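The values are calculated or read from the model by the stated rules, or taken from the named source; none is laboratory data. None of the values given here were measured: they were computed from a predicted structure. Every residue, glycine as well, gets a Cβ built from its backbone with ideal geometry; the counts of neighbours run over all protein chains shown. Side chains are part of the model used for accessible areas, which takes the heavy atoms of the whole protein and leaves out ligands, DNA and RNA. Shrake-Rupley method; radii C 1.70, N 1.55, O 1.52, S 1.80 Å.
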Amino acid sequence: MSPTTTTAGTTALPGVDGAAPPAAAGRATTPAPVATGAPAAAPVTTAADPLLRISGLGVAYGRRPGRAAERVLDDVSLDARAGEILGVIGETGSGKTTLARAVVGLAPVVGGRITVDGEEVTGLRGRRLRALRRSGRIQYMFQDPLRSLDPDLTVGELVGEPLTVGTAVPRAERPARVLEALELVGLPAEFAERTPGRLSGGQRQRVALARAVVTRPRLLLADEPVSALDASNRNHVLLLLDELRRSLGLAVVIISHDLSSLAGIADRIAVLYRGRLVEQGPAEDVLTNPLHPYTALLTASAPSVRREHRITAAELRPRDPRPGWTIEPAAAACAFAHRCPFAGEDCRQAPAVAEQGRDRAVACHRADDWRESLATASR
């Protein structure tokens, strides 16, 4: 999927970049009815089934004769349901964007399975991959809206472009679909005649969002959707994404390095570190009671989301060089061991992801006792 097929969408909020009053506030969480164009594909999954299911995903780059491939993702499993926002968090280089790109066929998958709405999309090539992209069921919103929007096209042309390269929407109905999408994201109809250079950063992000809802997708992958925005526009775009999943019944995956951006809207959070899933669970549980020391470090580094555990970042960093641990851990060891003050001999083997109660999972040998070690050290 190229930047010309980027899309995403939401509903309007007042008072930001010329946005119109909200059109969908208070709606039920079922998908909104549509009046124009071809009907959306009938969902294959039920409300209780994950719309996106990733099982044991592995991604590797650089596979050439005589050269070992570089493993970027290793045995990652997670789900996202319709009407749910899943936040994928981790520092730069953790594999967040690679995970999203693998879903749309832009990363070399070397293991595992990816299913969307009951259909396996792992390793699609050629005609089948083009058909999936043109269906509009999966949309990818790239990180930089200015670079992903053609500066020579008008907003109307940009938003309507996915309808011209795919879907079965008749030509005569496309203008109405474009205006419908702009209304959903709170942009007046006259914006259709503007070019990206005449828009603010928040308005360009709304155009990218409108370009997604115009195809009425089932799954939206948003890569750092607010990282380039100021605080005011960041909050409003996040609220738009929140309303989108509620009014249209979308599964939304938000890729972010900032826990503060996800704290108010994510239903569940998955934490990646060096290509491995270290923790996932309901957002409230992950933020208030992190099971992995790395998650606790992320949370402690974002005071706006640190709540009950009150652990500081300084307490989660090794005070002295780790004896016996190299700067770069061995491939078979826990990826976080060289940065973890609680690592022991068992951490020389990579931990498996283990369930911890309802809808919680963690990959850590010390998940059950690292807090006790922290309390002992502080006495």
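Each other residue within a Cβ distance under 15 Å of Val59 adds +1 if Lys or Arg and -1 if Asp or Glu, for a net charge of +4. How large is the Kirkwood hydrodynamic radius of region 189-243, in angstrom, based on all distinct alpha carbon pairs? So the Kirkwood estimate lands at 12.1 Å. Modelled spin labels at Leu146 and Glu284, positioned 7 Å past Cα toward Cβ, are 4.0 nm from each other. Return the tail of the calculated pair distribution for region 56-208, meaning the percent of Cα-Cα pairs more than 28 Å apart. I get 34 percent for the Cα pairs in region 56-208 exceeding 28 Å.
Quick check: with the 1.4 Å probe, what order do Val278, Val353 take by accessible area, largest first? Don't skip to the end; give the middle numbers.
On the way: Val278 10, Val353 75 Å².
Ranking Val278, Val353 by accessible area, largest first, yields Val353, Val278.
Remark: spin-label model distance Ala314-Arg194 equals 4.7 nm, labels positioned 7 Å along the Cα→Cβ axis.
Count Lys and Arg as plus one, Asp and Glu as minus one, and take only other residues whose Cβ is under 9 Å from that of Glu224; the net charge is then -2.
Using only Cα coordinates, the Kirkwood hydrodynamic radius of region 127-279 works out to 16.1 Å. Ranked from largest, the principal axis spans of the Cα set of region 69-150 equal 33, 32, 32 Å.
Taking 18 Å as the cut-off, the amide N atoms of region 80-100 that come nearer than this to a point 7 Å along the Cα-to-beta-carbon line of Arg63 belong to 98-100. With Cα atoms as the point set, region 109-164 shows a radius of gyration and Dmax of 14.4, 41 Å.
Calculate, for Glu70 and Asp346, the FRET efficiency according to 1/(1 + (r/R0)^6) with r their C-beta to C-beta distance and R0 35 Å; round to the nearest 0.05. Can you show the working numbers first?
On the way: r = 27 Å, r/R0 = 0.77.
E(calc), rounded to 0.05, equals 0.85.
Across region 349-365, computed HN-Hα scalar couplings (Karplus, 6.51 cos²θ - 1.76 cosθ + 1.60, θ = phi - 60°) run 10, 5, x, 7, 6, 10, 6, 10, x, 5, 6, 10, 8, 8, 10, 7, 5 Hz from first to last residue, x flagging Gly and Pro.
Largest first, the extents of the alpha carbon coordinates of region 139-222 on the three principal axes equal 31, 27, 22 Å.
Using 0.36 nm per residue, how much length does the chain from Ala172 to Glu120 gain when fully extended, once their Cα-Cα distance is taken away? Intermediate results must be reported in sequence, preceding the final value.
Values: separation 52, 0.36 × 52 = 18.72 nm, distance 3.32 nm.
The Ala172-Glu120 span can extend by a further 15.4 nm.
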